[in-house]
Amino acid sequence: MIVDLRIYTCLPNRVAEFVELYEKMGWPLQQKHLGNCVGWYTTIEGSLNTVVHMWGYADQADRERRRAAMAADPAWGEYLAEVAKRGILVKMENRIVKPAPFFEKMKK
């Protein structure tokens, strides 16, 4: 398993707006296409104005297939256009991480 760790930085005081828009337009699409949300969070300490979410995949090929299907969905383009129109985001990052060997053993 791999996890796509995504970090979004919003303009100050715009996290609630981003979360509301995502819940309405983004969440249903990501559930449909990506399916395995490991966690979805907003920060309360540290780097504020930040949203972090994680998506689990069997492997990189699974991730690429699912994300390509989502990108091809016209509704996803509408969501991205709305986020851009509102100018909410300052920065987007993602990292692909995998479980440490000892953690994999614990899960079995």
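The values are calculated or read from the model by the stated rules, or taken from the named source; none is laboratory data. None of the values given here were measured: they were computed from a predicted structure. As a convention, Cβ positions derive from the backbone with ideal geometry for all residues, glycine included, and neighbour counts pool all protein chains shown. All accessible areas refer to the heavy atoms of the entire protein, side chains included, with ligands and DNA or RNA removed. Shrake-Rupley method; radii C 1.70, N 1.55, O 1.52, S 1.80 Å.
List of remarks:
- Residues of the range 2-36 with amide N under 19 Å of the 7 Å Cα→Cβ point at Ala58: 2-4, 31-36
- Against the main long axis of the alpha-carbon atoms of the chain, helix 60-72 sits at an angle near 20°.
- Packing-based order for 67-76, 29-38, using average beta carbon neighbours within 10 Å, highest first: 29-38, 67-76
- Computed over the alpha-carbon atoms, the range 24-67 gives an Rg to Rh ratio of 1.06, Rh here being the Kirkwood radius from the mean inverse distance.
- Mean-position separation - Cα centroids, the range 50-79 and the range 13-46, in angstrom: 13 Å
- Accessible carbon and sulfur surface of the range 43-95 relative to its total accessible area, %, 1.4 Å: 55 percent
- Cα pair count fraction exceeding 23 Å, expressed as % - the chain: 32 percent
- Simple point charges give the picture: +1 on the Cβ of Lys and Arg, -1 on the Cβ of Asp and Glu, and for the chain a dipole about the Cα centre of about 300 debye.
- Axis angle, to the nearest 10 degrees, between helix 74-86 and the longest C-alpha principal axis of the chain: 50 degrees.
- Dipole orientation for the chain: of the candidates Met106, Ile44, Leu11, Met106 has the Cα lying most toward the positive pole (charges on Cβ; Lys, Arg +1; Asp, Glu -1).
- Between Thr42 and Asn94, the contour length at 0.36 nm per residue exceeds the Cα-Cα span by 17.2 nm.
- The residues of the chain present an accessible area of 64 Å² per residue when probed at 1.4 Å with all protein chains retained.
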